[in-house]
Amino acid sequence: MSLFKKNIAATYAAQVITLTGNFICAILAARMLGDVGQGDLTLYTIFTAFAVLLMGLGLPSAVVYFLAAKKTDKGKMIPLCTSLTLLLMSVFVLCYFLTKQLPQARIFLPEFVLRNNLWSLVLIVHVLLMMMNQFFVAILQAENRFAAAGIVSGKPIFCLQDGRK
């Protein structure tokens, strides 16, 4: 089997494992948190994912393209990604604190996050880590290190690129 086919198989295997794990976690969360707790958890999770998607601006895909096509080297890309992450996070924090007092903010985030500064800090750190993660995974993917990218992104991959287990 070619390396390309092995990487595709590894990616799909990781997605199946992740989907199964998420399904089990959703059932456990529903049982342990109840309706209100699960709704709050869902709001928080969707907000962080949406914020990272918006702030990413398609840049992780661009990182993969430019590194894989050898149009730039990793030594230049890492500081650029770090600078962009810090800039985007500054904009996010500014927008978050300017809008968190608005009544419409309750549509997007649970009350406990909006009313507690410690939870606001947790949200900001969570979004920062997710931003850093997506750039790091993009760099690994550009280097054809799909197994490492899967592990970093939280998707365990059981077959390495050279077929070892």
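For Ile27, the stated conditions do not hold, so it cannot be described as in contact (Cβ under 8 Å) with a residue 60 or more places away in the chain, part of a helix (DSSP H, G or I) and open to solvent by 60 Å² or more (accessible area, probe 1.4 Å). When region 5-14 is filtered for residues that are surrounded by 10 or more Cβ atoms within 10 Å (Cβ to Cβ) and either at pLDDT 80 or above or not small (Gly, Ala, Ser) (or both), the ones remaining, listed by number, are Lys6, Asn7, Ile8, Thr11, Tyr12.
Inspect region 115-124 for any residue being open to solvent by 20 Å² or more (accessible area, probe 1.4 Å), under 17 Å from the mean Cα position of the chain (by Cα) and at pLDDT 90 or above and give the result as yes or no. Even if it seems obvious, please write down each step before you answer.
Filtering region 115-124 down to residues open to solvent by 20 Å² or more (accessible area, probe 1.4 Å) leaves 115-119, 121-122, 124.
The next check asks that each one be under 17 Å from the mean Cα position of the chain (by Cα); those that pass are 122, 124.
Of the ones still in play, those that are also at pLDDT 90 or above are 122, 124.
Yes, because at least one residue in region 115-124 is open to solvent by 20 Å² or more (accessible area, probe 1.4 Å), under 17 Å from the mean Cα position of the chain (by Cα) and at pLDDT 90 or above.
If only one of Ile17, Ile46 is at pLDDT below 85 and either closer than 24 Å to Ala142 by Cβ or among the aliphatic types (A, V, I, L, M) (or both), which one is it?
Ile17
Lys71 fulfils the conditions (1) touching a His at 6+ places or on another chain (Cβ under 9 Å); (2) outside any helix (DSSP H, G or I) except for a single criterion, (1). Has region 104-111 got at least one residue that is free of Cβ contacts under 8 Å to residues at least 24 places away in the same chain, assigned to a helix (DSSP H, G or I) and more than 21 Å from Leu33 (Cβ to Cβ)? Yes, that holds for at least one residue.
Residues that are surrounded by 13 or more Cβ atoms within 10 Å (Cβ to Cβ) and over 17 Å from His126 (Cβ atoms) within region 30-60 comprise Ala30, Leu33, Gly37, Gln38, Leu59, Pro60, listed in sequence order.
The values are calculated or read from the model by the stated rules, or taken from the named source; none is laboratory data. Computed from a predicted structure; not experimentally measured. Glycine gets a Cβ as well: all are built from the backbone with ideal geometry, and neighbour counts include every protein chain shown. In case anyone asks, the SASA skips ligands and DNA or RNA and just uses the protein heavy atoms, side chains included. Shrake-Rupley method; radii C 1.70, N 1.55, O 1.52, S 1.80 Å.
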